[in-house]
Amino acid sequence: MSRQYNHLETKLIHAGEPEPLIGGAVSMPVFQSSTFEYTGASSYNDLKYIRLNNTPNHVALHQKLAALENADAALVTASGMAAISATILTLLSSGDHLLAQECLYGGTHDFFTKDLPKLGISFDFINGDDPDSWKGKIRPGTKAIYVETMTNPLLQVANLKEAAEFAKAHGIVSIIDNTFSTPINFRPPEWGFDLSLHSCTKYLNGHSDIVAGAVIGRTELIEQIIRKLNHLGGSLDPHACFLLHRGIKTLAVRMKYHNESALKIAQFLEACPAVTKVNYPGLESHPAHQRAKELFDGFSGMLSFELKGGVDAAEHFMQKITLPIVAPSLGGVETLITRPVTTSHASISPEDLKKLGISDSLIRLSVGIEATEDLIEDFEQAFKE
Ligand SMILES: *Cc1c(COP(=O)(O)O)cnc(C)c1O
């Protein structure tokens with residue numbers, strides 16, 4: 001009898017695992033083979049080859065990822081940006097138009113603003129908080145609406161339910177970058193999204209040792225995106241597949257800890273006299289706290305804050321802390337800290353940063369899985385004098 005289960009924790013361990021186990025191996029072996037023996041495939045896309053994303057390591061991950069978000073299908077890619085670019089280039093071509101939330105991950109913002117116009121694809125930014133304003137921006141060539149579960153680095157939460165409904169009402173595709181929430185905290189297909197994108201580099205792998213991406217959603221769309229990716233070449237190497245497969249198994253225990261620890265740290269920071277503002281959707285002071293509570297099972301490990309004393313105070317603080325590593329990226333087991341204007345948002349113009357409300361003194365924290373008390377003690381000593 002095949003295994004029966006419904007819970008995410010069990011899916012992380014058992015979904016997509018080969019049955020029977022390959023040679024009895026409890027852990028999925030790495031198939032480090034670029035090509036595989038011909039078995040009569042009638043289409044090029046059915047030949048087994050690493051670039052075609054269909055080796056046993058890919059297939060197991062695809063099934064696991066689809067199961068996690070209760071979706072039909074999934075695809076792993078060479079990076080989060082490979083997932084994003086392949087998806088957009090599948091759905092839109094010259095003459096088409098995209099609606100995108102205005103505060104986007106830096107790489108996505110760059111891809112939309114710098115590359116899409118050269119391909120004849122136009123876009124309009126929309127205010128995620130104001131669904132009434134979206135309709136006025138839709139055009140005959142509009143093909144998709146693109147949002148993020150939580151924005152980086154301000155942790156804003158848009159009207160996500162309305163975004164999926166808006167897409168359905170207008171016959172366009174809804175796409176969400178779910179990297180910050182992960183399937184543990186939010187499962188976009190359950191809210192009507194057609195496609196959910198991930199940088200698996202972050203929480204899904206969780207150990208800051210690979211880059212990888214994923215697209216999860218409706219079979220018919222995923223199949224089109226696989227074809228496009230086969231041409232663009234952004235496939236995930238089997239060894240990176242193996243590491244992602246290993247990392248993802250502990251996602252539920254890690255996320256629950258990230259959720260708890262980040263909330264405690266956000267509450268600690270909010271009570272600190274040296275801190276003027278904390279952005280974390282789990283705080284009651286967050287403008288979309290009620291919405292976040294309705295949508296999410298947890299608020300993730302990302303937060304940002306501002307100190308009295310601006311950039312100098314921020315720099316001083318970042319020099320004095322001892323546990324968090326000053327580095328871009330996020331979602332690993334170790335706590336990382338950064339000033340987004342110097343890293344993830346360095347390519348965005350000062351005017352655009354101002355419009356987005358991202359100040360140069362803003363500090364972003366990716367709370368790892370160290371003891372919360374150790375992190376708080378470290379912050380306390382850094383705030384002294
Ligand atoms: C990191 C990140 C990406 C890009 O992912 P890579 O794996 O670095 O290509 C996209 N979206 C979000 C929200 C991210 O944090």
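The values are calculated or read from the model by the stated rules, or taken from the named source; none is laboratory data. This is a predicted model, so every value here is computed, not measured. Glycine also receives a Cβ, built like all others from the backbone with ideal geometry; neighbour counts cover every protein chain displayed. Just so you know, the surface numbers come from the protein's heavy atoms only, side chains and all, with ligands and any DNA or RNA stripped out. Shrake-Rupley method; radii C 1.70, N 1.55, O 1.52, S 1.80 Å.
Per residue, the chain exposes an accessible area of 42 Å² to a 1.4 Å probe, with every protein chain left in place. What is the distance in Å between the Cα centroid of region 1-67 and that of region 171-205? That distance is 21 Å. Here the accessible area of the chain is 53 percent carbon and sulfur, with a 1.4 angstrom probe and all protein chains present. Taking a quarter of the surface of the Cα convex hull of region 155-199 gives a mean projected area of 3.0 nm².
Could you check which residue among GLU37, GLU102, GLU17 shows the biggest mean-square fluctuation in a GNM of the chain with a 10 Å Cα cutoff? Maximum among the listed residues: GLU37.
Decide, for the chain, between rounded, prolate and oblate: order the square roots of the alpha carbon gyration tensor eigenvalues as a ≥ b ≥ c, take rounded if a/c falls under 1.5, and otherwise choose prolate if a/b is larger than b/c, else oblate. Cα axes put the chain in the oblate bin. Checking the cross-link pairs LYS114/LYS202; LYS228/LYS354; LYS143/LYS256; LYS118/LYS293 against a 29 Å limit on the alpha carbon distance flags LYS228/LYS354; LYS143/LYS256; LYS118/LYS293 as lying beyond it. For the chain, the longest principal axis of the C-alpha atoms and the axis of helix 238-248 are separated by about 50°.
Normalised by 2.2 N^0.38 Å, where N counts its residues, the alpha-carbon radius of gyration of region 239-292 equals 1.56. A straight Cα-to-Cα reach below 23 Å connects LYS320 with the lysines LYS264, LYS277, LYS308, LYS384, residues fewer than 8 places away in its own chain not being considered.
Remark: region 1-130 carries a charge dipole of roughly 520 debye about the Cα centre, counting +1 on each Lys and Arg Cβ and -1 on each Asp and Glu Cβ. Only one residue of GLY331, ILE13, HIS239 has its Cα farthest out toward the positive end of the dipole of the chain, where Lys and Arg carry +1 and Asp and Glu -1 on Cβ, and that residue is HIS239. For the chain, a Gaussian network of Cα nodes joined below 10 Å ranks VAL367, VAL76, VAL311 by mean-square fluctuation, and the top entry is VAL311. Compared with the dominant Cα axis of the chain, that is its longest principal axis, helix 372-383 is turned about 40°.
Give me the base-10 log of I(q)/I(0) for region 251-384 at each q in 0.09, 0.13, 0.21 Å⁻¹, Debye formula, one uniform scatterer per Cα, rounded to two decimals. Computed log10 I(q)/I(0) values: -0.25, -0.53, -1.38. When the chain is treated as a GNM with alpha-carbon contacts under 10 Å, the residue of LEU353, LEU61, LEU21 showing the greatest mean-square fluctuation is LEU21. Oblate is the label for region 1-108, because the ratio a/c of its alpha-carbon gyration tensor axes (a ≥ b ≥ c) is 1.5 or higher and a/b is not greater than b/c. When the alpha carbon gyration tensor of region 187-340 is reduced to an equivalent ellipsoid, its three semi-axes come out at 33, 20, 14 angstrom, largest first. For the chain, averaging the sequence separation of C-alpha pairs within contact (under 8 Å, six or more residues apart) and dividing by the residue count gives a relative contact order of 17 percent.
Taking a ≥ b ≥ c as the square roots of the Cα gyration tensor eigenvalues, with a/c under 1.5 meaning rounded and otherwise prolate when a/b beats b/c, else oblate, which class fits region 66-200? Here region 66-200 falls in the rounded category.
A Cβ-based charge dipole, computed about the Cα centre of region 8-248 with Lys and Arg at +1 and Asp and Glu at -1, lands at about 360 debye.
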